[in-house]
1. What is the packing order of peptides 335-341, 225-231, 94-100, 317-323, taking the mean over residues of other C-beta atoms within 10 Å and listing the highest first?
2. Which ³J(HN,Hα) values, rounded to whole Hz and listed in residue order, are derived for the range 7-24 from phi using the Karplus coefficients 6.51, -1.76 and 1.60 in 6.51 cos²θ - 1.76 cosθ + 1.60 with θ = phi - 60°, glycine and proline given as x?
3. How high is the relative contact order of the range 207-311, given as a whole-number percent (alpha carbon pairs under 8 Å, six or more residues apart)?
4. Per residue and in cubic angstrom, what volume does the convex hull of the Cα atoms of the chain have?
5. Highest mean first, what order results for 124-134, 54-64 on Cβ atoms within 10 Å?
6. Can you tell me which of Phe87, Phe291, Phe363 moves the most in a GNM of the chain? Springs connect C-alpha atoms under 10 Å apart.
7. Given R₀ = 51 Å, what would the calculated FRET efficiency be for Glu16 paired with Asn124, taking r from the Cβ atoms and rounding to 0.05?
8. Percent of Cα-Cα pairs more than 18 Å apart in the range 195-295, please.
Amino acid sequence: MQKKLLMIPGPCDVEEDVLQNMGKQVVCHYGHDWVKIYNDTRNLIKKLLNTSGEVFIVNGSGHLAVETMLLALAEEKDELAVVDNGFFAHRMIEILKTYNLSPKVLEIEWGKNICPEQVEKFLNTSRGIKTLAIVHSETSTGVLTPIKDIGGITRRKGVLLAVDAVSSAGIVPIDMDGWGVDMCATASQKGLGAPPGLAILAAGKEAMEYVRRRKKPVPGWYANLQVWDRFNTEQAGFQPYSITMAVNQIFALQKSLQNILDEGIRERYERHILLADMMRCGIEACGISIFSRQQLLTPVITVAEFPEDIDSGRFVDYLDKNFSILIANGLGPLRGRTVRIGHMGKNAAKRNIVPILIGLENFLKTNGKAVNRGIALDIFMK
Ligand SMILES: *Cc1c(COP(=O)(O)O)cnc(C)c1O
């Protein structure tokens, strides 16, 4: 299989030292020496997300972390509310429905910002909400949610805040304790710069208290935070879970987290903002618009919207065939209209943005659009 540059919104290419660490011989997934490595990895996550609570890492993908988070906090129907502003936000509703736990929903048009005032009004007018679930970086639209402001509101109202940070963690700074984020779900393969395979869930003290105190047991076993919590306590020093841990994935994640903290989360965030801006300015110079440009945008992906006479999927194919670069088609109703270009971690670099912009220029020209030669790269000439 030919190796292609992964500019999709995860998984992403990973650093060489991460791969090397992952390539170590397999070790036993329990015992004192192993638990030291596992706990060190968890401590790095705590540092990154600024939480004094618990961190759980389990074999799985982001969906497992999100499902576990929702099930832990939705004891009764209608006690949990979801802000539905895109594909991954909507997925949370779908997950809850399969357990007959239909949430209350605050619907926001795709591509529009979630205003804290709207959230406050929603919480004021709907009764009985104990938890609000929200996506930090909506990977379908490119919109970033102002979690800090929303955390201020939920904290004042005594509502728990559960955040899907699958594409933001590791790139956009997150201050769980400071912002009042009670749970945060993420995965190894996006902003965290490791290969796919691990689901990560961080939970603050109040969230853990809720999970331990709730009357109805959480359904199921694997996506059950009460089960994870029990083994984490009962088998703390030996095997703080009851599955076969993906040890090599943990090796990779540990290394990647060290790299991220070495770079500095602020510095890393700013690097991504700068490169996202170059990507967006280059695309706009070619006459293609950025989806929801006026909103607060996430630095992890760029969502570009093609004119109606061009199927965006054709640009995805074009970059693949001519440059061996993979980007992604739009999600849901945005399929065929938009492309999603991931620029995360190792791949958030000028060397990867330049060929995509050159490709875009060529693609548009072959599709009869007037584009001035070199205009997409003008941003690099200053
Ligand atoms: C990718 C993503 C998910 C799903 O994660 P998987 O690892 O693919 O299961 C959920 N939410 C957001 C915001 C994502 O970007």
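Quick note: the coordinates plus some simple rules give every number you see, no bench work behind them. Keep in mind that what you see is a predicted model, and the values were worked out from it rather than measured. As a convention, Cβ positions derive from the backbone with ideal geometry for all residues, glycine included, and neighbour counts pool all protein chains shown.
1. 335-341, 225-231, 317-323, 94-100
2. Karplus values, whole Hz, x for Gly and Pro: 10, 7, x, x, x, 10, 4, 10, 5, 4, 5, 5, 4, 5, 5, 5, x, 5.
3. Over the range 207-311, the number comes to 13 percent.
4. Hull volume over Cα atoms, normalised by residue count, gives 136 Å³.
5. Values: 124-134: 17.0, 54-64: 20.5.
The peptides rank, most packed first, as 54-64, 124-134.
6. Among Phe87, Phe291, Phe363, the largest GNM mean-square fluctuation belongs to Phe363.
7. Efficiency computed from Cβ-Cβ geometry: 0.50.
8. In whole percent, the long-distance tail amounts to 69.
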